Amino acid sequence: MLPTNRFPLRLGLLWAALITLALPLCAEDTGAAPEPATPVQELVFFTWADFIDPGVVADFEREYGVRVREVHFENDEVRDRVMAETGGAGFDLLLVDGTGVEAYRRRGWIAPIDAAAAPNLAHIAPRWLPAGAAGRAAAVPYVWGTLGIAYRRDLLGRELDSWMDLLRPEPDLAGRILMSSDSLDLVGMVLKALGHSMNSTDPQALAAARDLLLEQAPAVHRYGALAVDEGSELLGPDVVAGMTFNGDAAALMEHNTSVVYVVPREGGALWVDFLAVAAASEQKALATAFIDYLNRPEVAARNAQGIYYATPNRAAEALLPAAFRADPLVYPDADTLARCEPYRRLTPEAQRTRAQIVSQVVDGG
């Protein structure tokens, strides 16, 4: 936040700058050129916004004497486009969704992780590891969660428990719904609402999903990611319900206890996000050190609580408060998990079909 009284601050900064410029004139002239300042080593992390505890980052920076700079993407498809255009140049550490790990590895965008330099990876529960030895060597599970519906109980005055509550909304929801613009999420959840797998490639099922999205479109306030800070639309009067992730809903509950999250009765998505070292990085050792640091049990436990997501780190889970570990919003019960479906990597043709549906619905193209 900017200072409320910025004019005195500017005068102070100007005075400090004049003093700094004058110091060499007052110092004893030894005839030696001043030593150049050593640049601070920087780690560039390509990730979601609000997806790591700031205190955890600050402690790493102090311990290693480095700076972590986050670059944010809005959804996985945006990240994929950036990677396709750049090959990952300019990034050191990547946040990759579960369906992207193998594709990124095959395209040479991520480098194998030096396991000897990251002993804390031994704490990861095997169930969350990528498939295959090559995948396990290339990416580390970070956090996991679900995709469902968040809504304002106080503004709505009733409960929501179905994707159809958003897709064929009552009049009081018209124009007050936020939907994802990510094709896997948007089309996938409509497919579930229609009784299909979220990963279906059946042409008739996809056509029915497209038609339902076109029918819903006039009732949608916006397509995109739901912000989780105090400026989030779900905390104001314009949006009453929307698609989002469980941890994002939990973060919004900190601002307003009337926010409710539900995995609809038709089911939701179960996802895992991974950390990977960018193959184009010149800071691979530092990126690996950060991954190892994030998997120190006490750090992983602190980070999980800071961002409201479940950790795949078994040793960290043992350090979590009982109330956090028992919170069904963060750690869903067996019945909820049974209704959730993991993402599967789609063929390029299937991805194009979904992208075309989203373009037709969102952009009218």
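Accessible surface calculations at 1.4 Å, restricted to protein heavy atoms, place the range 257-298 at 31 Å² per residue.
Comparing N313, N120, N246, which has the greatest mean-square fluctuation in the GNM of the chain with Cα pairs linked when under 10 Å apart? Its mean-square fluctuation being the largest, the pick is N120. For the range 38-96, the solvent-accessible area with a 1.4 angstrom probe is 46 square angstrom per residue.
Distant-in-sequence amide contacts of V68, defined by a placed amide H-H separation under 5 Å and a gap of 5 or more residues or a different chain, comprise L43.
Computed from these coordinates, which is P(r) over Cα pairs in 20 Å bins from 0, in percent: (1) 26, 52, 18, 4, 0; (2) 30, 57, 13, 0; (3) 23, 52, 23, 2? Answer by label: (1). What does the net charge come to around R302 if you take all other residues with beta carbon closer than 10 Å to its beta carbon, with K and R at +1 and D and E at -1? Neighbour charge sum, excluding R302 itself: -2. Relative to the longest principal axis of the Cα atoms of the chain, helix 76-86 runs at roughly 50 degrees. In whole Å, what is the distance between the alpha-carbon centres of the range 87-104 and the range 201-241? Measuring centre to centre over Cα atoms gives 27 Å. With an a/c value of 1.5 or above and a/b larger than b/c for the gyration tensor axes a ≥ b ≥ c computed over the alpha-carbon atoms, the range 76-186 is described as prolate.
Is it possible to state the helix-based mean residue ellipticity at 222 nm for the chain, with each DSSP H run of 4+ residues giving -39500 (n - 2.57), the sum divided by total residues, to the nearest 500 deg cm²/dmol? What is it?
Working: 16 runs with 143 residues, N = 365.
Taken over the chain, the calculation gives -11000 deg cm²/dmol.
If I compute solvent accessible area with a 1.4 Å probe over the protein chains, what percent of it on the chain is carbon and sulfur?
In the chain, the share of accessible area belonging to carbon and sulfur is 55 percent.
Among the trypsin sites (Lys or Arg not before Pro) found in the range 120-178, those both in a DSSP coil and sparsely packed, with 16 or fewer other Cβ atoms within 10 Å of their Cβ, are R158.
Charging the Cβ of each Asp and Glu at -1 and of each Lys and Arg at +1, and nothing else, the dipole of the chain about its Cα centre rounds to 580 debye.
The values are calculated or read from the model by the stated rules, or taken from the named source; none is laboratory data. On a predicted model such as this, the values are computed, not experimentally measured, just so you know. Cβ coordinates were reconstructed from backbone atoms using ideal geometry, including for glycine residues, and neighbour counts include every protein chain displayed. Calculation scope for accessible area: heavy atoms of the full protein, side chains included, ligands and nucleic acids excluded. Shrake-Rupley method; radii C 1.70, N 1.55, O 1.52, S 1.80 Å.
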